[in-house]
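The values are calculated or read from the model by the stated rules, or taken from the named source; none is laboratory data. Just so it is clear, the structure is predicted and the values come from calculations on it, not from any experiment. When we count neighbours, we look across all protein chains shown, and the Cβ atoms used for this are built from the backbone with ideal geometry, even at glycine. With ligands, DNA and RNA removed, areas are computed over all heavy atoms of the protein, side chains included. Shrake-Rupley method; radii C 1.70, N 1.55, O 1.52, S 1.80 Å.
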Amino acid sequence: MKEKAKFIFNKFRHLILYGIIGSFAAGLDFLIYTVLVQLAGIPYLVANCISVLGGITTSFILNRNYNFKVKDHATRRFSIFLTVGLCGLVLSNIILYVCIDVLSIDKLVSKLLSIVLVVFFQFLVNKYLTFKPSENE
């Protein structure tokens, strides 16, 4: 049983660590969003932009150092990661708008839904583009 668990972890290591790191970054994103919307009264789309940027930066640093462990071309990799994150931000804002303004779903529930949907998109792009090993690795 222990060997099977080790095999599964090794096979899905990047996905598992991405999930753990992503959960932490998403938690930070959600916390910032909640504080800005509920306590500071900032409009939800503005709060979402701020909170997502905090999550993107945290996620990049942790994934770069602990998951994919690629240290080269940091500026280029962050630019790609940020671009992917900003695409996720646009997708998140669309989801929030539809959920909140069209479907009248609670702002916090809508944010949780947007996080779940955007994470899948970003994992695939980041794994195969942002953190793809260089030719010389």
From the phi angles alone, apply the Karplus equation (6.51, -1.76, 1.60; θ = phi - 60°) to the stretch 45-52 and give each ³J(HN,Hα) in whole Hz, x where the residue is Gly or Pro.
6, 5, 4, 5, 4, 5, 5, 5
Each residue of the stretch 99-114 in turn: what ³J(HN,Hα) in whole Hz from Karplus with 6.51, -1.76, 1.60 and θ = phi - 60°, glycine and Pro shown as x?
5, 7, 7, 9, 9, 6, 8, 3, 4, 6, 5, 4, 5, 4, 4, 5
On the accessible surface of the chain, probed at 1.4 Å with all protein chains in place, carbon and sulfur together account for a percent value of 72
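Quick one: Cα convex hull volume of the stretch 1-129, Å³ per residue?
On the way: hull volume 14.7 nm³, N = 129.
Expressed per residue, the convex hull around the Cα atoms of the stretch 1-129 is 114 Å³.
Residue 79: net charge of surrounding residues, Cβ under 15 Å, Lys/Arg +1, Asp/Glu -1, itself excluded?
Values: positive: 64, 76, 77, 132; negative: 72.
Residues near residue 79 contribute +3 overall.
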Rounded to the nearest 500, what is the chain's calculated 222 nm mean residue ellipticity when only DSSP H runs of at least 4 contribute -39500 (n - 2.57) each, over all residues?
-23500 deg cm²/dmol
What number comes out for accessible area per residue over the chain if the probe is 1.4 Å? Units Å², please.
60
